[in-house]
Amino acid sequence: MRSHVRLLLALLPVAVPTLGAQTPATSPAPAPAAPVMKNWFVHLIPPRPTFDKDMTEAEQKLMEQHYAYWKDQFAKGVCLFGGPVLDPRGVYGVLAIRATTLDEASSIASADPSVKAGLNRIDVAEMKIAFLAR
């Protein structure tokens with residue numbers, strides 16, 4: 001019988017974990033990489049070529065909201081630059097913004113009050129800015 005006890009005692013450390021033993025710590029999952037910011041060109045398309053010359057009072061109010069919206073986006077660092085292009089064939093707007101995806105850039109541009117109201121339309125495309133004054 002003593003041989004059985006010795007056998008059980010010999011196996012005991014293998015069969016029963018030691019009290020207070022800790023399992024090896026696992027490494028925490030690596031943090032996801034920060035999304036890569038890209039530059040996006042926004043072409044703001046007015047409702048008609050003569051828009052800058054014959055805006056209605058209601059359209060003027062929407063354009064004031066448009067300006068306030070983009071001024072705020074500029075203050076936040078989302079908008080890098082923007083303004084009207086004084087093309088003699090018809091004025092239009094351009095903006096350069098920062099976002100991670102086309103969907104995000106389109107969402108930012110679509111939140112412009114003049115776009116939400118259906119006054120202006122937008123086209124958005126990725127842009128590589130080679131030069132930008134600071």
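No lab work stands behind these numbers, since they all come straight from the coordinates. Please read these numbers as outputs of a predicted model, since none were measured by experiment. Note that we place each Cβ from the backbone using ideal geometry, even for glycine, and neighbour counts take in every protein chain shown.
Values as computed for the structure displayed
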| read-out | value |
| --- | --- |
| Relative contact order, percent, the stretch 50-123 [alpha-carbon distance under 8 Å, six or more residues apart] | 29 |
| Net charge contributed by nearby residues that have their C-beta within less than 12 Å of LEU86 (K/R +1, D/E -1) | 0 |
| Net charge of Cβ neighbours under 15 Å - reference HIS43; Lys, Arg +1; Asp, Glu -1 | -2 |
| Set of lysines with alpha-carbon distance to LYS61 below 24 Å, sequence-local pairs under 8 removed | LYS53, LYS71, LYS76, LYS116 |
| HN-Hα J in Hz across the stretch 107-114 - Karplus 6.51, -1.76, 1.60, θ = phi - 60°, x for Gly and Pro | 5, 4, 5, 6, 7, 4, x, 6 |
| Calculated from backbone phi, Karplus (6.51, -1.76, 1.60) coupling profile of the stretch 89-102 in Hz, x at Gly/Pro | 7, x, 6, 9, x, 10, 9, 10, 10, 10, 7, 7, 9, 4 |
| Footprinting exposure proxy for SER106, SER114 (fewest neighbouring C-beta atoms within 10 Å first) | SER106, SER114 |
